[in-house]
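Before any comments, here is the structure.
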Amino acid sequence: MTHAIDNVNQSGDDVLDIVHTVMHQVRSQQYRHLRDGPHDITHMDSRVLAYFGRHPGATQSDLASFSGRDKAQLARLVKGLRDRGLLAAEADDTDRRNVRLTLTETGRTLQGELRLQAQRLGDKAVAGFSEADRHTLAALLRRVQTNLEA
């Protein structure tokens, strides 16, 4: 059986299409790993855990400012992570209305596993690249990012 190829608006050199396809492949493999794990973690759950892993004691408002995501969506994500014992909450000493969030021991362990899986996936993505190729690719992608931010 042959597969039809949609060539509408397709070009072999369309950088954004290539970036989109690569990110789809990365997320697909991440989701498979996350879905098959014992914690049933979504991509957004992993992003929230990563944030609080890098910023222990930050608030939900800090996360909203950093991510630009909807506060209600983040509140649901944080509540789910707390309910599963991956995030711990403590009232702020100076302002009891603020809740400081940190990873629990289980959350730290899971975050470490997720980082290792991401590193393995990153290594797979650039397998066969020389060190110079890796640096060139990173530099070019940073230029694309800078251009889009301008």
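Along Cα→Cβ, 7 Å out, is where each label goes; now give me the distance between the ones at Arg142 and Tyr31 in nm to one decimal.
3.1 nm
Quick check for me: using +1 on Lys/Arg Cβ and -1 on Asp/Glu Cβ, what's the dipole size of region 15-122 about its Cα centre, in debye to the nearest 20?
The calculation lands at about 140 debye.
What is the fewest-to-most order of Met44, Met23 by other Cβ atoms lying within 10 Å of their Cβ?
Met23, Met44
So which residue, out of Thr102, Thr21, Thr94, gets the largest mean-square fluctuation from a GNM of the chain using Cα contacts under 10 Å as springs?
In the Gaussian network model the winner is Thr94.
Explain nothing, just the number: dipole magnitude of region 34-78 about its Cα centre with +1 on each Lys and Arg Cβ and -1 on each Asp and Glu Cβ, in debye rounded to the nearest 20.
Its charge dipole is roughly 120 debye.
Roughly how tilted is helix 131-149, in degrees to the nearest 10 and between 0 and 90, from the longest Cα axis of the chain?
For 131-149 against the chain, the angle is about 70 degrees.
Per the helix-only calculation at 222 nm, which mean residue ellipticity applies to the chain, given -39500 (n - 2.57) for every DSSP H run of n ≥ 4 and division by its residues, nearest 500 deg cm²/dmol?
Estimated from H runs of four or more residues: -21000 deg cm²/dmol.
Across the chain, where is the longest run that never hits trypsin sites (Lys or Arg not before Pro) in a DSSP loop with at most 16 other C-beta atoms within 10 Å?
Longest stretch, sites excluded: 1-68.
Name the residue farthest towards the positive end of the dipole of region 15-122 from the options Gln60, Ser46, Gly85, assuming +1 on Cβ of Lys and Arg, -1 on Cβ of Asp and Glu, about the Cα centre.
Ser46
With a/c under 1.5 counting as rounded, go ahead and sort region 58-130 into rounded, prolate or oblate using the C-alpha gyration tensor (a ≥ b ≥ c being the square roots of the eigenvalues; past the cut-off, prolate if a/b is larger than b/c, else oblate).
Prolate, since a/c reaches 1.5 and a/b exceeds b/c.
Every read-out reported here was derived from the displayed coordinates using simple, explicitly stated rules and does not represent laboratory data. Note that the coordinates shown come from a computational prediction; the quantities given were computed from them, not determined experimentally. Note that each Cβ is placed from the backbone with ideal geometry, even for glycine, and that neighbours are counted across all protein chains shown.
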